[in-house]
Every structure is written in C-alpha cells, then in structure tokens.
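S.K.: Just passing along the structure, written as structure tokens.
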Amino acid sequence: MSTATSMRTTGVLSPLAATTSHRSCGLPNLPTRFSTSSPAAASFTFKLSSVSVSRRRGQFQIKATSEETPSDGGEILTDLKEKWDAVENKSTVLLYGGGAIVGVWLSATLVGAINSIPLLPKIMELVGLGYTGWFVYRYLLFKSSRKELATDIESLKKKIAGTE
C-alpha cells in the first residue's frame, strides 16, 4: 500500500486528525455554545448599554451584566394568590381559560392538518404574502392612508373599551 493511499485511509477513518492538519472544507466553524452555568446566561434582565461584543477568529462572544436579580418564586406565588383572591367570578375565569386552551389546541391541530396536505402550505404562504403586500400598499405606503389606519385603530380601541 502506498503512503498516499494510507494517508487517505487515515483521513477517512480518523476525520479529527484530517481536519486538524488542514482545512479541506470551505465552510465556517460552528459557533461555540454558551454555558448555562454562567451568571450572564442565568439572568433574565439585561442592560443593553453594557453589552459588549468581541470578535475573535470568526466567533462572537457576548457579555452582558444583569441589572437586577430574578425575582423569588415565592413572591410570584403570593402575587398570583392575591390576584386570584381578588377575582369575584372565578368560574368565568376558569371557563375562559379552558376555552382558550382548547382554542389553541384546536388551531394547532388545524394548522398541522393543513400543513400535511401537499402544496397547500405554499399556497397559503403566497396568499399571506399577497395580503401583506396589499396591506402595505393600502395602509402604510402613503401618509393619508397611515392617518386613516391610525384613526381606525383609535376607533376600534374606543369600541373595545366601551367609551364610544
């Protein structure tokens, strides 16, 4: 067996050794995963002004500091208990909540069924793009139509609030 053939075989059998010696692929490296044990990953609220981005060898490292610590789970539970005790008609709230859950489940089932039909998802995507284009042309392109949209939204807000 010649040395060229044995090197090719080694490259096939041991891809790590082949990739460390030289890069034969033109694809970029994947970004490294961020650790969830770091304080920046465990925080929930970040200050945008303290975010610093450094770029080294094609990898991004983002560092952010937390402005405040996450709230305690006990505080959230006591707040929820207080709000639940303040509700007068608990059966209506439970009925609406159950109806919302059933509605989300039903719509997810319907979307899944439509998505399984060949070509129909692409047609629906084209319909959505067409409607978006029409909406932009009708309401967002010209200043007078933007004002009309704003007045329509304000009148809808008043109807919902019951002030009209």
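The values are calculated or read from the model by the stated rules, or taken from the named source; none is laboratory data. Note that the coordinates shown come from a computational prediction; the quantities given were computed from them, not determined experimentally. Methodologically, a virtual Cβ is constructed for each residue, glycine included, from the backbone with ideal geometry; neighbour enumeration extends over all protein chains shown. Surface accessibility is based on the protein's heavy atoms, side chains included, excluding ligands, DNA and RNA. Shrake-Rupley method; radii C 1.70, N 1.55, O 1.52, S 1.80 Å.
Quick grid of which residues meet (1) small (G, A, S); (2) in a helix (DSSP H, G or I); (3) modelled with pLDDT under 90:
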position: P121; (1), (2), (3): no, yes, yes
position: G128; (1), (2), (3): yes, yes, no
position: S144; (1), (2), (3): yes, yes, no
position: E148; (1), (2), (3): no, yes, no
position: S155; (1), (2), (3): yes, yes, no
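S.K.: Within region 67-74, does at least one residue satisfy the condition of being at positive phi and open to solvent by less than 70 Å² (accessible area, probe 1.4 Å)?
M.R.: Looking for residues that are at positive phi and open to solvent by less than 70 Å² (accessible area, probe 1.4 Å), one finds none in region 67-74, hence no.
S.K.: Counting just the residues of region 130-164 that are over 31 Å from the mean Cα position of the chain (by Cα) and of a type in the set (D, E), which one comes out surrounded by the most Cβ atoms within 10 Å (Cβ to Cβ)?
M.R.: Within region 130-164, the match that is surrounded by the most Cβ atoms within 10 Å (Cβ to Cβ) is E148.
Results for (1) open to solvent by 70 Å² or more (accessible area, probe 1.4 Å); (2) modelled with pLDDT of 90 or more, shown as yes or no for each residue.
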position: P39; (1), (2): yes, no
position: L48; (1), (2): yes, no
position: V51; (1), (2): no, no
position: G58; (1), (2): no, no
position: L80; (1), (2): yes, no
position: G99; (1), (2): no, yes
position: V102; (1), (2): yes, yes
